[in-house]
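Please read the structure below before turning to the comments.
The values are calculated or read from the model by the stated rules, or taken from the named source; none is laboratory data. Fair warning: this is a prediction, and the values are worked out from it, not measured in the lab. All Cβ positions, glycine included, derive from the backbone under ideal geometry; neighbour counts span all protein chains shown.
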Amino acid sequence: MLRRPRSQPAAPLVDVSTARISVRRLQDGDLDELAEVFRDPEVWWFEYERGLEHAETAAFLERQKGLWDEYGFGGCAVRDLRNGALLGVVGLGVPTLSHPLMPSVTVGWRFASAACGNGYATEAAVVLLRQAFGPMRIPAVGCVTNKDNSRSVAVAHRLRMEVIGEQRVVRDDGLRSVVALLLRVDQGQWDSERTEPLRSNG
């Protein structure tokens, strides 16, 4: 069950860009490109050990649209400003598990394997955290990732997130359980982070 945020954000998440990427709310027109990214087994290895079928990607997109409708935030398409290519997704969400220190808003990311190693996930997450701790006035943001997903864990640590616990959970496909690593960063920790100014696309 989704944990509803304790209060609505003071402002909705908006489309922005950096010098390299645009971060824009996912739309129906993103489906085919997103399905191409998600069909790569590496992208969903820690959840399914395979890529997603087109229908599964469509269901993912519908879930993100539902988040946007209910909370004013959700998944965003991350595109390379040089050529418009879809690099992956980043988003604010609502945790599906309970922990006393887990904030009611989380950040997550999922990128094409070809885009990994270029800092895009960190850069895109920074875009969202600056809004979360700025105009949205969210006091803390959490993250849930597979403990064995070293790349994702490294991104979380670069975002100054600290581990608050571990939970064994049933994998998304229901076939076996995995260990989820739970992390969080508070607004006070984030204030010391210095990042490049962002340009609003709105």
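Structural remarks
- Scope the stretch 83-121; condition free of Cβ contacts under 8 Å to residues at least 12 places away in the same chain and either more than 23 Å from residue 151 (Cβ to Cβ) or surrounded by 19 or more Cβ atoms within 10 Å (Cβ to Cβ) (or both); matching residues: 83, 84, 100
- Scanning the stretch 113-126 for residues that are touching a Leu at 6+ places or on another chain (Cβ under 6 Å) and not hydroxyl-bearing (Ser, Thr, Tyr) gives 115, 125.
- Residue in the stretch 26-39 that is among the aliphatic types (A, V, I, L, M), within 18 Å of residue 143 (Cβ to Cβ), modelled with pLDDT of 95 or more and touching a strand residue (DSSP E or B) at 6+ places or on another chain (Cβ under 6 Å) present: no
- Criterion (touching an Asp or Glu at 6+ places or on another chain (Cβ under 7 Å) and under 23 Å from residue 17 (Cα atoms)) met by exactly one of 86, 159: 86
- Selection within the stretch 57-82 - surrounded by fewer than 15 Cβ atoms within 10 Å (Cβ to Cβ) and either in contact with a Ser or Thr (Cβ under 8 Å, 6 or more places away or on another chain) or over 30 Å from residue 11 (Cβ atoms) (or both): 81
- Top-ranked residue in the stretch 122-139 [being in contact (Cβ under 8 Å) with a residue 60 or more places away in the chain, of a type outside the set (A, V, I, L, M, F, W, C) and farther than 22 Å from residue 150 by Cβ; ranked as surrounded by the most Cβ atoms within 10 Å (Cβ to Cβ)]: 131
- Flag for residue 46 being under 19 Å from residue 159 (Cβ atoms) and in a helix (DSSP H, G or I): yes
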